[in-house]
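Novice: Dropping the structure in here first, questions after.
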Amino acid sequence: MAGFEDLEVWKKSVALSVDVYSTLRDCRDYGFKDQITRSCLSIASNIAEGMERQTLPDKIKFLDYARGSCGEFRTQAIVGSKAGMVDPRIAEEWIAQSRSISAMIQGLIRSLQSS
């Protein structure tokens, strides 16, 4: 199997995280900024950590953590939009991307379980 760096889901989650960091670069609500950037970064990080694990249960556990981080990130994007900290169009794009990433992670889990 290829390294995690070759996985499309990891690449998309890294790109989303970079976009979040860039978009919120000037955000002055440091608590919100810290939380949303950390949850988004956690998606790619947990994919990487899971794929580096030796056992299938460990791989799946960390991939499941990554899916959980997708939900956490979506919640923060919704709150950020409603509170006026994130442009609603940007938040909707982030939400769509995180839903897609979450579905890709679930597909990866199924693929690992069937192999």
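The values are calculated or read from the model by the stated rules, or taken from the named source; none is laboratory data. Here the structure is a predicted model, which means the values were calculated and not measured. For the accessible areas, the whole protein counts, side chains as well, though only heavy atoms, and no ligand, DNA or RNA atoms are used. Shrake-Rupley method; radii C 1.70, N 1.55, O 1.52, S 1.80 Å.
Novice: Which of the residue pairs LYS33/LYS59; LYS12/LYS33; LYS61/LYS82; LYS11/LYS82; LYS11/LYS59 have a Cα-Cα distance greater than 24 Å in the structure shown? Intermediate results must be reported in sequence, preceding the final value.
Specialist: Numbers: LYS33/LYS59 29 Å; LYS12/LYS33 20 Å; LYS61/LYS82 32 Å; LYS11/LYS82 28 Å; LYS11/LYS59 18 Å.
Cα-Cα > 24 Å for LYS33/LYS59; LYS61/LYS82; LYS11/LYS82; rest within.
Novice: For the range 1-61, what D do you get in µm² per second when you plug the Kirkwood radius from alpha-carbon pairs into Stokes-Einstein at 4 °C and 1.567 mPa s?
Specialist: Details: Rh = 12.6 Å.
Estimated via Stokes-Einstein, D reaches 103 µm²/s.
Novice: How much space per residue, in cubic angstrom, does the convex hull of the C-alpha atoms of the chain take up?
Specialist: Details: hull volume 9.6 nm³, N = 115.
In the chain, the Cα convex hull volume per residue is 83 Å³.
Novice: Next question, about the same structure. Protein chains only, probe 1.4 Å: how do LYS11, LYS82, LYS59 rank by accessible area, largest first? Before the final figure, lay out each step's value.
Specialist: On the way: LYS11 95, LYS82 170, LYS59 35 Å².
Most to least solvent-accessible, the answer reads LYS82, LYS11, LYS59.
Novice: Heavy atoms of the protein only, probe of 1.4 Å, neighbouring chains included. What is the accessible area of VAL79 in Å², nearest 10?
Specialist: So the heavy atoms of VAL79 present about 80 Å² to solvent.
Novice: If you don't mind, another one. Rounded to the nearest 500 deg cm²/dmol, what is the calculated helix-only ellipticity per residue at 222 nm for the chain, with -39500 (n - 2.57) per DSSP H run of length n ≥ 4?
Specialist: -28500 deg cm²/dmol
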